[in-house]
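The values are calculated or read from the model by the stated rules, or taken from the named source; none is laboratory data. The structure presented is a predicted model; accordingly, all values stated were derived computationally and were not measured. Note that each Cβ is placed from the backbone with ideal geometry, even for glycine, and that neighbours are counted across all protein chains shown. SASA here: full protein model, heavy atoms, side chains in, ligands and nucleic acids out. Shrake-Rupley method; radii C 1.70, N 1.55, O 1.52, S 1.80 Å.
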Amino acid sequence: MPSVTQSATQFWAPHAWIDPVVEFDVLITVSGEGRITGVTPDSGPAPDGATVLTGLTLPGMANAHSHAFHRALRGNVQVGSGTFWTWRDTMYRIADALTPDSYLELATAVYAEMALAGITAVGEFHYLHHGPGGKPYADPNVMGEALIEAASRAGIRITLLDTCYLAAGFGEPPNRHQQRFSDGDAEAWAARASGLKPRAHARIGAAVHSVRAVPAEQLSTVAEWAGERRAPLHVHLSEQTAENGACQEAHGVSPTQLLARHGVLGPRTSAVHATHLTDTDIKLLSSSSTVICMCPTTERDLADGIGPARRLADGGSPISLGSDSHAVIDPFEEARALELNERLATQRRGHWTAAALLRAATEDGHGSLGWPESGRLERGALADFCSIALDTPRTAGPSARLGAETAVFAASAGDVRDVVVGGRLVVRDGAHTAVPDVGAALAAAIKHVTT
Ligand SMILES: [Zn+2]
């Protein structure tokens, strides 16, 4: 993160998406504190000393839902058939192997991969708190602090969503894998989470793993902890129909209704997935302005289904996007999948504009993570942005005026060239400035936790 002694900087972008249009010859000035002090379109050629960005500049992407260690599963879980639940068994084996040191190494590489994809802030939904068998570490937050440090090393912002995870299911104690996740009860979770400290690049939020994992009478403890701090609160919601059935059996209501009953919904809450909802659920979520975090590449990878994002947005819920299990880390792919899923489900096109999809990936994602001052190219915002090349085999062709459409419907993470966080170049010409070989870093880190 930039220090206060850093001097003011100028960036010059041949094209920049300044919601809702693409402007040309845009001069972006940034203070020593890493905030945008001016955005000037039609500024003429790049001034001497300005950092010239490539192609189209966009606000930084927010990855609103991440479990960093799931990256170790990529490619290792695609042989054979199975369900979400068989995938989860493999995921638990990786969780069993992680230590504070190996998680720092792995998460640094994963967040560096995110930076290369244009992501400037991540929401880490973190539940791997304790040592083997559930024994707390001497520093009970050492795993969360490893994630905060990893984001620092990778040069991106993080909201650590410290997750309350107490049960294997309704009325079931944690299984042997889940003992590392559990604090025993929500009061103990709150006491431990209160020890986490924000840093310049890091904010602290809370999460309820799911209605399966937190007994109903303890949900309000987590909600109140977040409410007192005005911190983001995230929750996995109705990703699987089995969760809905079990909740109905235990409590006679849907998971959404249970969350509403215990004060979990609201504008600082993000419901992740929200795949299998009733009409009543949709109304409860959207009328409370609860943010919805869709994770389309994970939802299709895990055969979850397609959630009613359009109806939720129409009712008043902002939409954010996350790469969740990291089967893919590509915010452009997540954004276009939102529209393309709706096309497959309805046999009609044009549910979301490119600008609306970019807003989900940027401004609304940052809002979901408690960074409302990021995600827009405007004076006063944090100087977090990324640029994509408009002359690659994927992006060449359309007029630069169609930059938003090109970004969403043609670009991939591989087209990202420059990434700036707090006024500092984290990626330059497609290369990470602090992690020279991200592929090698990922390979080494994954080897350490899978062999
Ligand atoms: Zn998740």
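Across segment 295-306, the number of residues qualifying as in contact (Cβ under 8 Å) with a residue 60 or more places away in the chain and within 14 Å of the ligand (Cβ to nearest atom) comes to 4.
Going by the conditions given, is Ala64 open to solvent by less than 30 Å² (accessible area, probe 1.4 Å) and modelled with pLDDT of 90 or more?
Details: open to solvent by less than 30 Å² (accessible area, probe 1.4 Å): yes; modelled with pLDDT of 90 or more: yes.
It is true that Ala64 is open to solvent by less than 30 Å² (accessible area, probe 1.4 Å) and modelled with pLDDT of 90 or more.
The strands (runs of 3 or more DSSP E) found entirely in segment 26-88 include none that carry 2 or more residues being aromatic (Phe, Trp, Tyr). Using the structure shown, decide if Ala16 is within 30 Å of Val142 (Cβ to Cβ) and either outside any helix (DSSP H, G or I) or at pLDDT 90 or above (or both). Spelling it out, it is not the case that Ala16 is within 30 Å of Val142 (Cβ to Cβ) and either outside any helix (DSSP H, G or I) or at pLDDT 90 or above (or both). Considering only residues in segment 338-370 that are small (Gly, Ala, Ser) and within 16 Å of the ligand (Cβ to nearest atom), the one that is surrounded by the most Cβ atoms within 10 Å (Cβ to Cβ) turns out to be Gly365.
Would you point out the residue of segment 208-251, among those that are within 18 Å of Ser289 (Cβ to Cβ) and more than 16 Å from the ligand (Cβ to nearest atom), that is surrounded by the fewest Cβ atoms within 10 Å (Cβ to Cβ)? Out of the qualifying residues, it is Arg230.
In the set (1) open to solvent by less than 70 Å² (accessible area, probe 1.4 Å); (2) in the same structural domain as Asp324 (by TED's automatic domain parsing), the condition left unmet by Trp85 is number (1).
Screening segment 410-451 for residues that are open to solvent by 60 Å² or more (accessible area, probe 1.4 Å) and closer than 22 Å to Thr120 by Cβ and picking the one that is modelled with the lowest pLDDT gives Pro436.
With respect to Ala226, determine if the residue is in contact with a Phe, Trp or Tyr (Cβ under 6 Å, 6 or more places away or on another chain) and in contact (Cβ under 8 Å) with a residue 40 or more places away in the chain. Taking the combined requirement at face value, the residue does not satisfy it. Restricting Gly34, Gly49 to residues that are buried (at least 21 other Cβ atoms within 10 Å of the Cβ) and either away from the ligand (no atom under 16 Å from the Cβ) or not assigned by TED's automatic domain parsing to the domain that holds Arg157 (or both) narrows the list to Gly34. State whether the residues of segment 330-350 include one that is in contact with an Asp or Glu (Cβ under 6 Å, 6 or more places away or on another chain), touching a residue at least 12 places away in the same chain (Cβ under 8 Å) and not assigned by TED's automatic domain parsing to the domain that holds Asp25. Taking every residue of segment 330-350 in turn, none turns out to be in contact with an Asp or Glu (Cβ under 6 Å, 6 or more places away or on another chain), touching a residue at least 12 places away in the same chain (Cβ under 8 Å) and not assigned by TED's automatic domain parsing to the domain that holds Asp25. Screening Leu312 with (1) under 17 Å from the mean Cα position of the chain (by Cα); (2) under 19 Å from Leu233 (Cα atoms); (3) not acidic (Asp, Glu) gives one miss only, at (1).
For segment 265-283, name all the residues that are within 16 Å of the ligand (Cβ to nearest atom) and in a loop (DSSP other than H, G, I, E, B). Answer for segment 265-283, where residues must be within 16 Å of the ligand (Cβ to nearest atom) and in a loop (DSSP other than H, G, I, E, B): Ala274, Thr275, His276. Within segment 322-330, can one find any residue that is at pLDDT 95 or above and either touching a Leu at 6+ places or on another chain (Cβ under 6 Å) or away from the ligand (no atom under 16 Å from the Cβ) (or both)? For segment 322-330, residues at pLDDT 95 or above and either touching a Leu at 6+ places or on another chain (Cβ under 6 Å) or away from the ligand (no atom under 16 Å from the Cβ) (or both): present.
Any idea which residue in segment 121-140 is farthest from the ligand (Cβ to nearest atom), counting only those that are surrounded by 24 or more Cβ atoms within 10 Å (Cβ to Cβ) and not in a loop (DSSP other than H, G, I, E, B)? Checked segment 121-140; the qualifying residue farthest from the ligand (Cβ to nearest atom) is Ala121.
When segment 302-312 is filtered for residues that are touching a Phe, Trp or Tyr at 6+ places or on another chain (Cβ under 8 Å) and either modelled with pLDDT under 95 or under 14 Å from Ala355 (Cα atoms) (or both), the ones remaining, listed by number, are Leu302, Ala303, Asp304.
The condition of being open to solvent by less than 50 Å² (accessible area, probe 1.4 Å), farther than 17 Å from Ser66 by Cβ and modelled with pLDDT under 95 does not hold for Gly316.
Residue pairs whose Cβ atoms lie under 7 Å apart, sitting 6 or more positions apart in sequence or on different chains, and linking a residue in segment 108-128 that is more than 16 Å from Ala231 (Cβ to Cβ) to a partner that is within 16 Å of the ligand (Cβ to nearest atom) and of a type in the set (Lys, Arg), are Val110/Arg71.
When the criteria are applied in full, Gly375 meets the requirement of being surrounded by 24 or more Cβ atoms within 10 Å (Cβ to Cβ), within 18 Å of the chain's Cα centre (by Cα) and either outside any helix (DSSP H, G or I) or more than 16 Å from the ligand (Cβ to nearest atom) (or both). Scanning segment 307-321 for residues that are within 16 Å of the ligand (Cβ to nearest atom) and in a loop (DSSP other than H, G, I, E, B) turns up just one, Gly307.
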